[in-house]
Amino acid sequence: MDRRRFLGVSGAAAASPMLAALGGTPATASATATLFKRVNFASDGLGLAPAEYAALLGEVVAEDGFEPDYYSQGGVIRELERKFARLLGKEDAIYLPTGTLANHLAVRKLAGDDRRALVQAESHFYNDSGDCAQTLSGLNLVPLAEGGSTLPVEDVERWLARSDTGRVETRVGVIAIESPVRRRHHEMADFDQLRRVSSLARERGIRLHLDGARMFNLPLHSGKSLHEYSALFDTVYVSLWKHFNAASGAILAGDAGFIEGLYHQRRMFGGALPHAWPSAAVALRFVAGYLEDYAKSWQVADRLIALLQDDRRFSFEKLPQGTSRFFMTVTGVGADLLRERLAKQDVVLSYGHPDTGRFAMEVNASLLRVSAETLAGKFVEAAGS
């Protein structure tokens, strides 16, 4: 089945491979009647339900030439690695089971003997990785730019000068930057500052890593291509589940010399899954069309905002450096009640603030399943009269 059909088809037709495997009974037909219909404002990607993922996986393994991996090497995993290396303009790439491991192995290897690493204070690597770099690899993470999404080159210059003037020589080995920044509601780092930091690092022989878990959203909002971003960094990590609907997984891309032999480190950290294809193979269905689908999804979101903003119960906010998230505030109806009413209409919201009625709204390709006009009608109905 063509990848795009899964964005719009519904019910048993979408799940035909799974129904055939189950015998197509009335009970299973009823259970799958709502597949691939939900519009999911709470997820980075489509937010696939288990039955939906199983249906997609059935299509993937039925394709001509499908080959599973063995301990995360070869087969469809190698195909995925090569595809992302090309998309990111790097020589090679490696599959890893989590983004945490991808960031860790990248910064660990880039740092080498220079154990000090500059990071954003708001970054996922610094806040949400359990101090893995410090505990497992003896790295010293130095957090900069607290409360911001951009790491200013001036902050980097000050810390390099401080490192140079210490009583004991302690070189900065790597600078790791996240963009978009999850803890900042997916704000993107300023591209000119990225370029300046990269240029300074190159001059000083410092390596660079990009936590680009959600970087495929950047071109639409910044006007810069994936290659332009990747060229500023030695290594780049991309999430496979946040955008590309894999069950889990990450890609780490870099030059061939960096990637070569890294599978040994993957195994050392317990990341060599015997069978990684069930987690990753679905991602191939969504890679090629992602940039186009994301742009079209924002067209639907913008049209929805335009249709609802004349209704005084709805108000909207976009962040100046935002990417995939906007905010909706609804008055006159409780946040939980609105969420429950919309769920019954196949529209999924995150949990809104109970006092303000403010919801964080994620833009993804599930918005292409219905028209903005239909969506607006559902919101108005859920808000009540």
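Side notes on the structure shown:
- Only Lys, Arg, Asp and Glu carry charge here, each on its Cβ (+1 for the first two, -1 for the last two); on that basis the chain has a dipole of about 220 debye about its Cα centre.
- The H on the amide N of residue 35, modeled in the peptide plane, is under 5 Å from the matching H of 11, each at least 5 residues off or on a different chain.
- Computed with a 1.4 Å probe over protein heavy atoms only, the accessible area of residue 91 comes to about 130 Å².
- For the range 233-274, the convex hull spanned by the alpha carbon atoms encloses 89 Å³ per residue.
- Of all accessible heavy-atom area on the chain, the percent that carbon and sulfur account for (1.4 Å): 49 percent
- The label point for residue 165 and the one for residue 121, both projected 7 Å from the Cα toward the Cβ, are 2.1 nm apart.
- Packing rank of 255-265, 188-198, 211-221, where each peptide gets the mean count of other beta carbons within 10 Å, highest leading: 211-221, 188-198, 255-265
- Bridge orientation summary for the chain: considering DSSP beta bridges with both residues in this region, about 50 percent are antiparallel.
- Annotation: average projected area of the range 104-263 is 9.5 square nanometres, based on the convex hull of Cα atoms across all directions.
- 3J(HN,Hα) from dihedral phi, the range 161-168, Karplus parametrisation 6.51/-1.76/1.60, rounded to Hz, x for glycine, proline: 5, 5, 5, 6, 9, x, 5, 10
- Simple spin-label estimate for residue 256 and residue 113 gives 2.7 nm between the two label positions (7 Å along the Cα-to-Cβ direction from each Cα).
- Mean Cβ neighbour count within 10 Å, used as a protection proxy, ranking 146-152, 355-361 highest first: 146-152, 355-361
- Heavy atoms of residue 154 accessible to a 1.4 Å probe, total area in Å² rounded to 10: 80 Å²
- Legend: calculated FRET efficiency, residue 311 to residue 336, from the Cβ-Cβ distance at R0 = 22 Å, rounded to 0.05, equals 0.65.
- Residues whose amide H falls under 5 Å from that of residue 208, counting only those 5 or more places apart or on a different chain, are 175, 234, 235, with hydrogens built in the peptide plane.
- Förster radius 41 Å - calculated FRET efficiency between residue 53 and residue 195, Cβ distance, rounded to 0.05: 0.60
- Note: the chain, Cα convex hull, 145 Å³ per residue.
- Remark: C-alpha extents of the range 97-157 on the principal axes read 31, 24, 16 Å, sorted largest to smallest.
- Nearest 10 degrees, 0 to 90: helix 99-111 Cα axis against the chain principal axis: 20 degrees
- Annotation: peptides 316-323, 302-309, ranked by per-residue average of other Cβ atoms within 10 Å with the highest first, follow the order 302-309, 316-323.
- Rg over Rh for the range 171-288 works out to 0.98, both radii taken from alpha-carbon positions and Rh defined as the Kirkwood radius.
- Relative contact order [Cα under 8 Å, 6+ residues apart], the chain, whole percent: 21 percent
- Volume of the Cα convex hull of the range 21-156, divided per residue and given in Å³: 191 Å³
- HN-Hα J in Hz across the range 173-178 - Karplus 6.51, -1.76, 1.60, θ = phi - 60°, x for Gly and Pro: x, 8, 10, 10, 10, 9
- Given R0 = 30 Å, the distance between the Cβ atoms of residue 154 and residue 380 translates into a calculated FRET efficiency of 0.05.
The values are calculated or read from the model by the stated rules, or taken from the named source; none is laboratory data. Every value quoted in this text rests on a predicted model; they were computed, and no experiment measured them. Heads up, the Cβs are rebuilt from the backbone with ideal geometry, glycines too, and the neighbour counts pull from every protein chain shown. Protein only, heavy atoms only, side chains kept; ligands, DNA and RNA dropped before computing areas. Shrake-Rupley method; radii C 1.70, N 1.55, O 1.52, S 1.80 Å.
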